Structure formats: C-alpha cells, structure tokens
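The values are calculated or read from the model by the stated rules, or taken from the named source; none is laboratory data. Quantities reported herein were computed from a predicted structural model and do not represent experimental measurements. All Cβ positions, even for glycine, are placed from backbone atoms using ideal geometry, and neighbour counts span all protein chains on display.
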Amino acid sequence: MVLDIGEIFWLEAEYEDIPEESKRRPAIIIGKVSGSFLILVSTTTQSPSEPPSYFDQFKIPIYNWRKYGFTKPSWALGLRLIEFTEDQLKSIVKIEDYIGHMNEFDLQHLISKIEQMHQ
C-alpha cells in the first residue's frame, strides 16, 4: 500500500483527555515534514453548533464526503495533528483500513484551513 498526502484510512486514535481509551476514526494524511507524515485524525458528523462552541472553530467541512465512503456529512477537526514516520504508519495501517484518496479541492481546502489555525 502506498501512503501519500490525501490518503484516507481508518486509524485507532486515543482520546486526548483519556489516553487509555481510543476509537477507530478516519484519518487523513495532510502533509509530510522531515520524512514524517502529518495526520489529521479526528472527523465528526456533528455539524457546528449555533451559537458556536469552542471546538466549532476547528471544524472544517469535507465537501465531497460521500465520495470518501462517509455515510453522513462530515467535518475534519483541525485542532490536533499527529506525526508518524512512514515505517510507523505502515506498521499500523493495513490494506483493509484504506478508505480512499481525497480529491484536490477538498485536500487543498483542508490544508489551507489547518495552516490558518496553526499559524
């Protein structure tokens, strides 16, 4: 399996506030830095609240969610990025975890919003 920017796959992700618990979530490779991949792990089907909550500012719409096999409208949560080396990622991501490849429009929109959040 080739791992590259824009690939979407299932990943067991620990909760930030409860590290001993985890949940299988879609993950997206959004960049590569010094030989390591930057992974955006969290996605949600909960749309932004009205009025917005603190975490709503980190929700980035995934416009073509159906194309990626998601069953409901989805948002990427740009708050938390995880770094993995290619070897680490290949040891935990199996072929059956693969979901698909994000199209260029969604990927560039996602990267742009994450860059704004992490300036």
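If the condition is being surrounded by 11 or more Cβ atoms within 10 Å (Cβ to Cβ) and assigned to a helix (DSSP H, G or I), then region 85-96 contributes Glu86, Gln88, Leu89, Lys90, Ile92. When we screen Ile82, Ile99, Ile28, Ile60 for residues that are touching a Lys or Arg at 6+ places or on another chain (Cβ under 6 Å) and either in contact (Cβ under 8 Å) with a residue 12 or more places away in the chain or surrounded by 12 or more Cβ atoms within 10 Å (Cβ to Cβ) (or both), the only hit is Ile60.
Answer yes if at least one residue in region 67-79 is out of contact with any strand residue (DSSP E or B) (no Cβ under 8 Å at 6 or more places or on another chain), surrounded by fewer than 13 Cβ atoms within 10 Å (Cβ to Cβ) and not in a helix (DSSP H, G or I), and no otherwise. Checking region 67-79: at least one residue is out of contact with any strand residue (DSSP E or B) (no Cβ under 8 Å at 6 or more places or on another chain), surrounded by fewer than 13 Cβ atoms within 10 Å (Cβ to Cβ) and not in a helix (DSSP H, G or I). Quick one: in region 19-42, which of the residues that are assigned to a loop (DSSP other than H, G, I, E, B) and within 26 Å of Thr71 (Cβ to Cβ) is modelled with the lowest pLDDT? Taking the candidates together, the pick is Ser42.
Pro52 meets the conditions (1) closer than 14 Å to Ile92 by Cα; (2) out of contact with any Asp or Glu (no Cβ under 6 Å at 6 or more places or on another chain); (3) not basic (Lys, Arg) in every case but one. The failed one is (1). You will find that of Glu16, Glu12, the residue that is within 13 Å of the chain's Cα centre (by Cα) and of a type in the set (Asp, Glu) is Glu12 and no other.
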